[in-house]
Structure formats: structure tokens, C-alpha cells
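Please see the structure below; I have some questions.
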């Protein structure tokens, strides 16, 4: 079971165990006199939306409406539209390899509040981002016993890492994390930048 604030997800490894898992959950809810809103409940489904993500038997997928919101955007023409773009990208960060590096041109544009300019670099990054979003990876849940790998990448302006799981020679992403480095961080030696990756929330 996963709980976040007032959202709850009861998952079962096998369909035959689902009723038993629900009974156990209901027993805990009764014990603490907690009630569910029937209008917001779905039982026995193979997938659904949870915390803005699509959770299925295959893994965690990005919410299609969040992807579409970016794919349908035209090139930003002012600071507010760039802010809207970066906000939308932030909701998909965990699915985007090196998200901070891909978004750097947009952040540079945000620094020029008075002299807005959508550069060729911004346009290219925007088009590359849209192409990437059209084929976002599926994130998987780590399985006990499978080998996990952590890949870290750093540049002068950003750090990123991806946690992957390997099963039968195939590596599948579990989670992507990325961060644009601030002024002081950008001057860290490479090894310290790598260590900084472990401190990204």
C-alpha cells in the first residue's frame, strides 16, 4: 500500500491476492475509524492515475495530459510563457533524462526578465524536448534481487543521475533526477559535483 496525504493505492503482486490485500486495508481503516469517499474509489483496476502519474502493471508512466500540455505549446513569446513551460517540465522531471541540461536555455532566458529573447538555442532545445516527450520511458519499480545501477553525469552547469534496474541483461530506469547548478556549485571540482548528486531532493 502507498499513501500520500489523502491518496491511497493498494497494489497486489497477483490478482488472486487483491481481495485479501483489500480486506487487510479495510481492517486497518476500520480500526482507526477512517472513511473512504466512494465516488473517488476504484477497485480491481489494472492501472490508474495516482499523484499525477499513471500507475500500471508495467510501471509508472507520465500523465498523458501533462505531456500534451507541452507538445501543444507554441514557442514562448514572453517570460510568463517560459515560466509556464519550465513549470510543466518540472511535473515530468522524474521521466526526463538530464532534464536540467535539456532545460538550461529556458532558465537562461528567465534571467533576462527585462530583455526577453527566445533564441535559436531555446528553439532547438524546445524542439528536442518535444521529440523526447513523444517517447518518454516507462519507469519500473525495483525488484528484490535485481541488480541496481546508478549513473551520474555532471557538466559545468548541471548534474543528473538515473537509477536503473538490470534484469536479464536489460536495464530499465527507475528514477531520473537532475539539477541546474547555482553559481558556487558550478565551480565545484568534478568529484564534488558527483557527490552533490546524492543531495538532490
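With 10 angstrom as the radius, rank 130, 40, 114 by how many other C-beta atoms surround their C-beta, starting from the fewest.
Lowest count first: 114, 40, 130.
For the chain, take the longest principal axis of its alpha carbons; what is the angle in degrees between that and the long axis of helix 120-133, to the nearest 10 within 0 to 90?
Tilt of helix 120-133: around 20 degrees.
Between residue 186 and residue 130, how many nm apart are label points set 7 Å from Cα along the C-beta direction?
In this crude label model, residue 186 to residue 130 measures out at 2.8 nm.
Using a 10 Å cut-off around each Cβ, can you sort 86, 119, 170 from fewest to most neighbouring Cβ atoms?
Fewest to most other Cβ atoms nearby, the residues stand as 170, 119, 86.
Could you work out the helix-only [θ] at 222 nm for the chain, with each DSSP H run of four or more residues adding -39,500 (n - 2.57) and the total divided by the number of residues, to the nearest 500 deg cm²/dmol?
It comes out at -10500 deg cm²/dmol, rounded to the nearest 500.
Given q = 0.24 Å⁻¹, what are the Debye log10 I(q)/I(0) values for segment 2-45, with equal point scatterers placed on the Cα positions and solvent ignored?
-0.99
Counting other beta carbons within 10 Å of each Cβ, put 127, 61 in order, fewest first.
127, 61
Quick one: helix 79-90 against the long Cα principal axis of the chain, what's the angle to the nearest 10°, folded into 0 to 90?
Taking the Cα atoms of the chain, the angle to 79-90 is about 40 degrees.
Related question: Relative contact order of segment 36-151: what whole-number percent is it, with Cα pairs under 8 angstrom and at least 6 residues apart?
Numbers: 89 pairs, mean separation 32.7, N = 116.
Reported relative contact order: 28 percent.
On to the next question. Rounded to two decimals, what is the ratio between the C-alpha radius of gyration of segment 108-201 and 2.2 N^0.38 Å?
My calculation over the Cα atoms of segment 108-201 gives 1.36.
Sticking with this one: Could you give the C-alpha radius of gyration of segment 72-117 expressed as a fraction of 2.2 N^0.38 Å, taking N as the number of residues it contains?
1.14
Also: Using Stokes-Einstein with the Kirkwood hydrodynamic radius over Cα pairs, what translational diffusion coefficient do you get for the chain at 37 °C and a viscosity of 0.692 mPa s, in µm²/s rounded to a whole number?
168 µm²/s
How far, in degrees from 0 to 90, does helix 18-31 lean away from the longest principal axis of the Cα atoms of the chain, to the nearest 10?
Here the helix axis deviates by roughly 90 degrees.
Set the Förster radius R0 to 35 Å, insert the Cβ-Cβ distance between residue 14 and residue 65 as r into 1/(1 + (r/R0)^6), and round the FRET efficiency to 0.05.
The pair residue 14/residue 65 has a calculated efficiency of 0.70.
Let me ask something additional. Using only alpha carbon pairs under 8 Å that are at least six residues apart, calculate the relative contact order of the chain and give it in whole percent.
Contact order relative to length: 16 percent.
Could you work out the equivalent-ellipsoid semi-axes for segment 147-199, taking the square root of 5 times each eigenvalue of the Cα gyration tensor, largest first, in whole Å?
Calculated on Cα positions only, the semi-axes equal 26, 9, 7 Å.
Every number here is computed from the coordinates shown, using simple stated rules; none is lab data. None of these values were measured; they are calculated from a predicted model. Every residue, glycine among them, receives a Cβ derived from its backbone with ideal geometry; neighbour counts consider all protein chains shown.
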